[in-house]
Amino acid sequence: MTYLAVFESDTWRLERDALARALASDWPQAQVKLASPGAAGSVVRDVEWTYRSEFGELEGYAHADGQGIYLEGPIEVVADFVVWYRGLVPVDEQIVFCDDLYSFDGVVSSNASRGDIVALAE
């Protein structure tokens, strides 16, 4: 299942270099790949990463518009990344967590925990 953490803003976006730096700093075991501008798929998968944990492997990627991430993997690891991502986005920007089928959705608060995110998905 693909999960999304997205926001809509006319004034702010998470730049790809800032996302890549944050991934390298906060998730040093993650393998990060930046798309070459103009390359096939670079709009949808501007920044890609893979992270392995005791729960399994997570694949993540960010859209080039800087307003969301897509995550595939165990919900526990997905939840950790959503909480981390919330910390990268200004508090006044509302982040919505959902799946690709929009079978659930919920707002991610600035003090959300892993358990809060898992509960949204249940």
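The values are calculated or read from the model by the stated rules, or taken from the named source; none is laboratory data. Fair warning: this is a prediction, and the values are worked out from it, not measured in the lab. Cβ coordinates were reconstructed from backbone atoms using ideal geometry, including for glycine residues, and neighbour counts include every protein chain displayed. These area figures cover heavy atoms from the full protein model, side chains too; ligands, DNA and RNA do not enter into them. Shrake-Rupley method; radii C 1.70, N 1.55, O 1.52, S 1.80 Å.
Give me the 1.4 Å probe accessible area per residue for the chain, excluding ligands and nucleic acids, in Å².
That works out to 53 Å² for each residue.
Please identify, among 74, 90, 37, the residue showing maximal mean-square fluctuation in a Gaussian network model of the chain using a 10 angstrom Cα cutoff.
Evaluated over the chain, the most mobile residue of the options is 37.
At 222 nm, what helix-only mean residue ellipticity would the chain give, in deg cm²/dmol to the nearest 500, using -39500 (n - 2.57) for each DSSP H run of four or more?
-8000 deg cm²/dmol
What GluC sites (Glu not before Pro) in the range 1-87 are in a loop by DSSP, with at most 15 other Cβ atoms within 10 Å of the Cβ?
Here the GluC sites (Glu not before Pro) that fit, given the DSSP loop and packing criteria, are 8, 15, 54.
In a shell of Cβ-Cβ distance under 13 Å around residue 99, excluding residue 99 itself, what net charge do Lys and Arg (+1) and Asp and Glu (-1) give?
-4
In percent, how large is the relative contact order of the chain, given Cα pairs closer than 8 Å and 6 or more residues apart? Intermediate results must be reported in sequence, preceding the final value.
On the way: 214 pairs, mean separation 33.8, N = 122.
So the answer I get is 28 percent.
Want the number for residue 118 to residue 30: 0.36 nm per residue separation, take away the alpha-carbon distance, what's left?
Difference between extended and current length: 29.5 nm.
Between residue 8 and residue 91, with labels modelled 7 Å along Cα→Cβ, what's the label distance in nm to one decimal, could you check?
With each label placed 7 Å out from Cα toward Cβ, I get 2.4 nm.
Bin all alpha-carbon pair distances of the chain at 5 Å intervals from 0 and give each bin's fraction as a whole percent.
2, 12, 23, 26, 22, 12, 3, 1
Given a 1.4 angstrom probe, I'd like the percentage of the accessible area of the chain that is carbon and sulfur, rounded to a whole number.
Working: 3160 of 6500 Å².
Ligands and nucleic acids excluded, carbon and sulfur reach 49 percent.
Expressed in nm to one decimal, what extension gain is obtained for the pair residue 109 and residue 1 from 0.36 nm per residue of sequence separation less their Cα-Cα distance?
This chain segment gains 36.6 nm when fully extended.
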